[in-house]
Amino acid sequence: MNNQKNNDTPKSAPSRRSCKGLLLFCRLLLAATLIFSGFVKAIDPLGTQYKMGDYLVALGLADIFPATTLLVAAVLLSTLEFTLGVLLLFAIMRRVVTKITVALMAAMTLISLWIVVNNPVSDCGCFGDAIHLTNWQTFLKNILLLAAALFAAFNAIKMRRIISKRSQWIVSNYSVLFSIGLSLYCLYALPLFDFRPYRVGNNIGQLMEIPADAPQPEYETRFIMEKNGERRTFTLEDYPDSTWTFIDRQTHQISEGYVAPIHDFSIIDTENQEDLTQQVLGHEGYTFLLIAPLLESASINEFGEIDDLYEYARNHEMPFLCLTASGDEGIAQWINTTGAEYPICNTDETTLRTMIRSNPGLMLLKQGTILGKWSHNQLPDLDRMSQIISKAEQGEPLQTSTAQRLLLIVLWFILPLALLKLADHLWKWTAWFQRKRHKHQPHIQTNKTLTTMRKKIVAGNWKMNLNLQEGLSLAKELNEVLKADKPNCGVIICTPFIHLASVAQAIDKSVLELGAENCADKEKGAYTGEVSAEMVKSTGADYVILGHSERRGYYAETPEILKEKVLLALKNNLKVIFCIGESLEEREAEKQNEVVKAELEGSVFNLSEEDFRKIIIAYEPIWAIGTGKTATAEQAEEIHAYIRSIIADRYGKAVADDTTILYGGSCKASNAPELFAKPDIDGGLIGGASLKVADFKGIIDAWK
């Protein structure tokens, strides 16, 4: 048996390494693809909107969704893809992110299958204008990505994080804001990267030329003939004799041949229907083109600046043309609104949208070469235009280089994340140093043994039960019982605010201590209905419960709110019973450790060691509160031990050993002895059973 085990071990290790390697490959493939896909969509949101419009046209739904809705959808899609890619790269929220990725890729795969079958568009637009894929290439690509997403989802928990959990929310939120901000900037200005043939530096005329040796389109003609009531189809190669009667002819293109990068550019004078294309492209000087795909929806806010530029061009004998796809009515409306005097010509709408992502936008040509492009939001003034013309005369570029724009992206996204990662490493190094210091620091022992005598406690949480008279009666009865039979642990009752002052006068604090169920996150002021920590302390109470799941769930108390409450409670010399715990869904997903750690980090791990020693932790599995369900003693001990370990990581073993950790969640007299026997369970936070003296006393007696 031992030999067999030894023989199996070498095989299993490479298998695990292969699985990890495949998981890393799938994760990086998905991350890179989604980041790139989201980025190219974010820098060209109008292009994404146009592509969505093409899909709706194919579905016959173009009139249902307005352009604004499509634009918002385009920005959201780019943000979703980009953020998912970043989250996968950093392994943030692994289970949720991989599931969303699977859903996204499943939807994309179905869409790509539809375009393969029906061919509604020639390019899916997955990567904007940066990379063009055929419909079959798109479908195969999505199949691969879907398989990678499924594998990643099934192994999500095995993904190795490269940034600490406490920093993940910064990366997530920054990714969303960055993507949306990038889209808004490119909408206001122009895309930072232009992948279309009409980019600055290209010559339109040259890109329209077809090389002499380029493959030509091929066509096949079929003839439908009839003879003696029989119809057959023939080609030129097998054309029949004259005994057959001609019925019809059909011509099909069987090969597209060479298609020029720019093949649909033309300028038609609207007045005399003259083709001005070659005249404009061949002009030796500068030519201004005002590009307005549809004048009816073009921005009119800048018409004064446009008129100034037209006057500038006319004074310097430079042609200035407006290109639009609008008809006579739209042109007349534009002229009446803006007083335009420049010539207005017709060009295909799709071509104009491809030329510049702005309506209107300005383009400067010289002998067909594009020297500059501007959004209507960033039109150059006359002084700036003179400088631009001067630079063009000297042969200087009018646009920042691709390297400069890439550097800009690095500075605004990658560099902040790199700095965040560095800060994260520095924090980890500091925590490691503190742990080492605590480990090697000598501790003065006052006892003969090393056993830590942390306080054992049973605390009752009355919640919203009992009126003043009932509560006072219960407190008095419990006080008398405990005086007669003194407990072997500390006993605390946490009551509604109305009971505190009266109960404080009726109990003997040597056997029964008093706490509140909550306090405000504000020190004082116009906060009607709130009770401050100072007010709680003034009643005679010494404890306060904070972070209870009912406060988190019903009243949306966030880690930041609880942090303020903890600080104010400690400031007023109240000891804090701080509640943490996971829901049933989180327990079933095995996320209980992540949940309790995050709750501690969010609200109490900011405290100094001295202040943290005043904190009592109460672990309450939400799924066991008031449900009758109870975590087994082994489950409770396991999570309590984990909580103590992360306290040790933060404050050192000595502090962790001194910290009282209570269990809450349907704790009863029947199961209390088994729970309290576990080494890391120091008592209980009791709900319903604390409302009856006999039940509560039974739990207290578990310490005997």
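The values are calculated or read from the model by the stated rules, or taken from the named source; none is laboratory data. Predicted model only: the values in this text are computed from it and were never measured. Quick reminder, even Gly has a Cβ in these numbers, built from the backbone with ideal geometry, and neighbours come from all protein chains shown. The area values use the complete protein model at the heavy-atom level, side chains included, leaving out ligands, DNA and RNA. Shrake-Rupley method; radii C 1.70, N 1.55, O 1.52, S 1.80 Å.
Here are a few things to note about the model shown:
- Tally of residues being open to solvent by less than 10 Å² (accessible area, probe 1.4 Å), at pLDDT below 90 and out of contact with any helix residue (DSSP H, G or I) (no Cβ under 7 Å at 6 or more places or on another chain) across segment 615-627: 1
- Residues being in a loop (DSSP other than H, G, I, E, B) and either closer than 14 Å to G361 by Cα or of a type in the set (V, I, T) (or both) - total across segment 315-324: 0
- Helices (runs of 4 or more DSSP H) lying entirely in segment 620-679 (those with 1 or more residues that are closer than 21 Å to N488 by Cα, of a type in the set (F, W, Y) and in contact (Cβ under 8 Å) with a residue 24 or more places away in the chain): 672-676
- Some residue of segment 430-439 being closer than 30 Å to C186 by Cα, at pLDDT below 95 and open to solvent by less than 30 Å² (accessible area, probe 1.4 Å): no
- Flag for E226 being without any contact (Cβ under 8 Å) to a residue 40 or more places away in the chain, open to solvent by less than 70 Å² (accessible area, probe 1.4 Å) and either over 23 Å from L207 (Cβ atoms) or assigned to a loop (DSSP other than H, G, I, E, B) (or both): yes
- In the set L77, L84, only one residue is in a helix (DSSP H, G or I) and open to solvent by 20 Å² or more (accessible area, probe 1.4 Å); that residue is L77.
Every residue, every condition in (1) part of a helix (DSSP H, G or I); (2) open to solvent by 10 Å² or more (accessible area, probe 1.4 Å); (3) over 26 Å from L182 (Cα atoms), yes or no:
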{"position": "T69", "(1), (2), (3)": "yes, yes, no"}
{"position": "V72", "(1), (2), (3)": "yes, yes, no"}
{"position": "L88", "(1), (2), (3)": "yes, no, no"}
{"position": "T98", "(1), (2), (3)": "yes, no, no"}
{"position": "V102", "(1), (2), (3)": "yes, yes, no"}
{"position": "I111", "(1), (2), (3)": "yes, yes, yes"}
{"position": "I115", "(1), (2), (3)": "yes, no, yes"}
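- Consider segment 361-400 and keep the residues that are in a loop (DSSP other than H, G, I, E, B) and modelled with pLDDT of 80 or more. The one that is surrounded by the fewest Cβ atoms within 10 Å (Cβ to Cβ) is D381.
- One residue stands out among those in segment 236-261 that are loosely packed, with under 10 Cβ neighbours inside 10 Å, of a type in the set (S, T, Y) and assigned to a loop (DSSP other than H, G, I, E, B): the one that is modelled with the highest pLDDT, which is T243.
Table: residues versus (1) of a type in the set (S, T, N, Q); (2) within 22 Å of S386 (Cα to Cα).
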| position | (1), (2) |
| --- | --- |
| V280 | no, yes |
| T287 | yes, yes |
| I291 | no, yes |
| L295 | no, no |
| E302 | no, yes |
| P319 | no, yes |
| T324 | yes, no |
| I331 | no, no |
| N346 | yes, no |
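- When we screen A107, A212 for residues that are in a helix (DSSP H, G or I), farther than 21 Å from L23 by Cβ and open to solvent by 30 Å² or more (accessible area, probe 1.4 Å), the only hit is A107.
- Inspection of segment 113-136 finds a residue satisfying the criterion of being modelled with pLDDT under 90, under 26 Å from M52 (Cα atoms) and among the hydroxyl-bearing types (S, T, Y).
- Hits in segment 178-204 (condition: in contact with a helix residue (DSSP H, G or I) (Cβ under 9 Å, 6 or more places away or on another chain), assigned to a helix (DSSP H, G or I) and surrounded by fewer than 17 Cβ atoms within 10 Å (Cβ to Cβ)): G181, L184, Y188
- Number of positions in segment 279-295 that are open to solvent by 70 Å² or more (accessible area, probe 1.4 Å) and touching a residue at least 60 places away in the same chain (Cβ under 8 Å): 1
- Boolean, A313 is touching a strand residue (DSSP E or B) at 6+ places or on another chain (Cβ under 8 Å), closer than 25 Å to A67 by Cα and of a type in the set (G, A, S): no
- Residue within segment 145-163 that is among the charged types (D, E, K, R), in a loop (DSSP other than H, G, I, E, B), open to solvent by 60 Å² or more (accessible area, probe 1.4 Å) and out of contact with any Cys (no Cβ under 9 Å at 6 or more places or on another chain) present: yes
- Filter pass, A260 being in contact with a helix residue (DSSP H, G or I) (Cβ under 9 Å, 6 or more places away or on another chain) and over 30 Å from W334 (Cα atoms): yes
- Helices (runs of 4 or more DSSP H) enclosed by segment 554-614 - at least 2 residues per element that are free of Cβ contacts under 8 Å to residues at least 60 places away in the same chain and open to solvent by 60 Å² or more (accessible area, probe 1.4 Å): 559-571, 584-588, 609-612
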